[in-house]
Amino acid sequence: MPDKQTDLGQGVHGMLGQSWLGQYCWTFDFRSQELSCHSPALSPLAANTVQMAFKESASGHRISSLPRIFVEIDGEQFPVLLDTGAKLHPSAEATKALGGKADDPVATSFILESVFEQWAQLHPDWKVVKRADKQLGNVKMIEVPAVKIAGHKVGPVWFCSRPDANYVQYYSRLCGSEVEGAIGGNALQYFSLTIDYPNKLARFDR
């Protein structure tokens, strides 16, 4: 595709997605910036290991490899898409809040707009950016102090608002069960994350 018709970012020529990842066991080591295939299979009894869910047929055949997990925020459990590719094209205001450089997409996480508004009302001390994405004018961003994932507490993590229908209707249908947002690289950066697609398990190591 012509560069102007993609949102991949400068110097990026393609994207490897769930159909490519979904056959194997992978380790995403964000700290050392390494991706490994054919990692040893995970055990559901191991520490900091959580069950993933996928969209499957009645016979158990997997239809998609978009993984769904639960995270805890502000004492509440949220079903979210585990989305290693979630990104934001930050506005000038968002770039300033993130302390980064302009013109480059950044990793982010997403949450339903209705949940975003609830957080903002309950926690007026949480930082908010009202126009966060320079391409989509309706994206807001909120800094959540801590997120609990697989027994770990990490943060702060910025979440971007998305219309409820994006996840309640569209992504929930692709995942096979309800999701209320996505956990992305800005939360996953704290981990060496092993995703065992065949056994539907994910382990989060600090």
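A short reminder: the numbers here are calculations on the coordinates, not readings from a lab. Fair warning: this is a prediction, and the values are worked out from it, not measured in the lab. Glycine gets a Cβ as well: all are built from the backbone with ideal geometry, and neighbour counts include every protein chain shown.
A compact table of results
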item: Rh by Kirkwood over Cα pairs, then Stokes-Einstein D for the chain at 0.692 mPa s and 37 °C, µm²/s; result: 185 µm²/s
item: Karplus-derived HN-Hα couplings along the range 43-60 (A = 6.51, B = -1.76, C = 1.60, θ = phi - 60°), whole Hz, x at Gly and Pro; result: 10, x, 8, 6, 5, 6, 10, 10, 7, 9, 10, 10, 6, 9, 6, 4, 8, x
item: Under the Karplus curve 6.51 cos²θ - 1.76 cosθ + 1.60, θ = phi - 60°, whole-Hz ³J(HN,Hα) for the range 79-89, x wherever Gly or Pro sits; result: x, 9, 6, 7, 10, 5, x, 4, 8, 10, 9
item: Mean Cβ count within 10 Å, highest first, over the residues of peptides 181-191, 144-154; result: 181-191, 144-154
item: Leu66 long-range amide H proximity, modeled H, under 5 Å; result: Lys55
item: Fluctuation leader among Thr95, Thr108, Thr194 - the chain, Gaussian network, Cα springs under 10 angstrom; result: Thr95
item: Val139 long-range amide H proximity, modeled H, under 5 Å; result: Ala132, Asp133
item: Under 29 Å from the Cα of Lys96 - lysines, other chains or at least 8 residues apart; result: Lys4, Lys87, Lys127, Lys130, Lys134, Lys140, Lys148, Lys153
item: Principal-axis tilt of helix 113-122 within the chain, Cα atoms, nearest 10 degrees; result: 60 degrees
item: Charge context of Leu122, other residues only, Cβ under 13 angstrom, K/R +1, D/E -1; result: -4
item: All Cα pairs of the range 49-153, percent lying beyond 22 Å; result: 42 percent
item: Hz values of 3J(HN,Hα) by residue in the range 134-145 - Karplus curve (6.51, -1.76, 1.60), Gly and Pro given as x; result: 6, 9, 10, x, 9, 9, 10, 9, 10, 9, 8, x
item: Electrostatic dipole magnitude of the chain [Cβ: Lys, Arg +1; Asp, Glu -1; Cα centre; debye, to 20]; result: 160 debye
item: Distance in nm between pseudo-label sites at Trp126 and Asp104 (7 Å out along the Cβ direction from Cα); result: 2.7 nm
item: Kirkwood Rh, angstrom, the range 124-167 [1 / mean 1/r, Cα pairs]; result: 11.7 Å
item: For Lys87, residues with placed amide H under 5 Å, excluding near neighbours; result: Thr108
